[in-house]
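Asks: Structure incoming, see below.
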Amino acid sequence: MANVFKRVGKGGLFAWFARYPDPISGKDVKKKLKAKTRHEAELKLAGILNDISTGEMAVRQRQSEIRFFEIADDYLAFSIARKRSSVKDGRTVRNLKAFFGNVPCEKIYRSMMDRYIAERKQGKGRHGKPIQNATINRELACLKTIFRRAHMDGKIARNPMAGFKLLQEDNVRDRVLTDEEYQRLLFACPAHLR
């Protein structure tokens, strides 16, 4: 049986709570409501009961339990089945998993993305060189795709990467071949390229 009730705390302050059966386990759930009057609390409870009856509550509970590992593994399975760059995606997902770990997706925010970028900039690449912004951007693009696919599949309620800006890349060429270098290159090429 669902109902609302008021609890009085220290100093005479009170809060409204709702009691309703959990849609999965059937146990009673007590939840604090953001309501100032009994009528507001009853309206909030009616919304909760509506979500339970339409199945939205169970979907939200499942979305709150989804971990980063799950959506990353789903993306990797998609990548292996459909993309030629699945080996590179595998390396990228391994880096992302090492940082984000088994965190629930609802706990991932932009501040974590900024920490990821800072940590990657501090580290070294496979060949001992500093990691460039372009490499970090490819990893962030993969992360965006992971979250977008999970959001479109209904596995997560929000996409934390929506509207996230990639880093500025410095890929300006600083040199052009001289005439002598061009002639040597042309001479070294096979006949069909001349």
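The values are calculated or read from the model by the stated rules, or taken from the named source; none is laboratory data. Since this is a predicted model, take the numbers as computed values, not measurements. All Cβ positions, even for glycine, are placed from backbone atoms using ideal geometry, and neighbour counts span all protein chains on display. All accessible areas refer to the heavy atoms of the entire protein, side chains included, with ligands and DNA or RNA removed. Shrake-Rupley method; radii C 1.70, N 1.55, O 1.52, S 1.80 Å.
Asks: How many residues does region 1-40 contain that are in contact with a strand residue (DSSP E or B) (Cβ under 7 Å, 6 or more places away or on another chain), over 18 Å from E56 (Cα atoms) and of a type in the set (V, I, T)?
Replies: 2
Asks: Then there is this: The conditions are (1) free of Cβ contacts under 8 Å to residues at least 40 places away in the same chain; (2) over 29 Å from D22 (Cβ atoms); (3) out of contact with any Pro (no Cβ under 8 Å at 6 or more places or on another chain), and N102 fails exactly one of them. Which is it?
Replies: Checking N102 against (1) free of Cβ contacts under 8 Å to residues at least 40 places away in the same chain; (2) over 29 Å from D22 (Cβ atoms); (3) out of contact with any Pro (no Cβ under 8 Å at 6 or more places or on another chain), the one that fails is (2).
Asks: Residues in region 1-16 that are of a type in the set (F, W, Y) and either open to solvent by 100 Å² or more (accessible area, probe 1.4 Å) or out of contact with any Lys or Arg (no Cβ under 6 Å at 6 or more places or on another chain) (or both): how many?
Replies: Looking only at that region, the number is 2.
Asks: Next question, about the same structure. Within the bounds of region 76-99, is there any residue that is out of contact with any helix residue (DSSP H, G or I) (no Cβ under 6 Å at 6 or more places or on another chain), free of Cβ contacts under 8 Å to residues at least 24 places away in the same chain and hydroxyl-bearing (S, T, Y)?
Replies: Yes, region 76-99 contains at least one residue that is out of contact with any helix residue (DSSP H, G or I) (no Cβ under 6 Å at 6 or more places or on another chain), free of Cβ contacts under 8 Å to residues at least 24 places away in the same chain and hydroxyl-bearing (S, T, Y).
Asks: Does N137 qualify as being more than 17 Å from the chain's Cα centre (by Cα) and touching a residue at least 24 places away in the same chain (Cβ under 8 Å)?
Replies: No, not satisfied.
Asks: For residues that are buried (at least 16 other Cβ atoms within 10 Å of the Cβ) and in a helix (DSSP H, G or I), scanning just region 53-68, find the one that is modelled with the lowest pLDDT.
Replies: Among residues in region 53-68 that are buried (at least 16 other Cβ atoms within 10 Å of the Cβ) and in a helix (DSSP H, G or I), the one modelled with the lowest pLDDT is M57.
Asks: Are any residues in region 78-105 of a type in the set (G, A, S) and not in a helix (DSSP H, G or I), and if so, which ones?
Replies: Selection gives S85, G101.
Asks: Of all the residues that make up region 1-39, how many are part of a strand (DSSP E or B), of a type in the set (G, A, S) and within 23 Å of T54 (Cβ to Cβ)?
Replies: 1
Asks: Kindly provide the set of residues from region 120-139 that are of a type in the set (D, E, K, R) and at pLDDT below 90, ordered by number.
Replies: Once the filter is applied, which keeps residues that are of a type in the set (D, E, K, R) and at pLDDT below 90, region 120-139 yields K124, R126, K129.
Asks: Would you check if there is a residue in region 69-77 being part of a helix (DSSP H, G or I), of a type in the set (V, I, T), touching a Leu at 6+ places or on another chain (Cβ under 8 Å) and modelled with pLDDT of 90 or more?
Replies: Looking through region 69-77, none of the residues is part of a helix (DSSP H, G or I), of a type in the set (V, I, T), touching a Leu at 6+ places or on another chain (Cβ under 8 Å) and modelled with pLDDT of 90 or more.
Asks: Go over the candidates R120, R82, R91 one by one and state the one that is open to solvent by less than 50 Å² (accessible area, probe 1.4 Å), of a type in the set (K, R) and farther than 25 Å from Q61 by Cα.
Replies: R120
Asks: Also: Check E139, E180 and return the single one that is part of a helix (DSSP H, G or I), among the charged types (D, E, K, R) and more than 30 Å from C105 (Cβ to Cβ).
Replies: E180
Asks: Shifting gears a bit: Can you pull out every residue in region 142-173 that is more than 23 Å from P104 (Cα to Cα) and either open to solvent by less than 90 Å² (accessible area, probe 1.4 Å) or in a helix (DSSP H, G or I) (or both)?
Replies: Selection gives L166, L167, E169.
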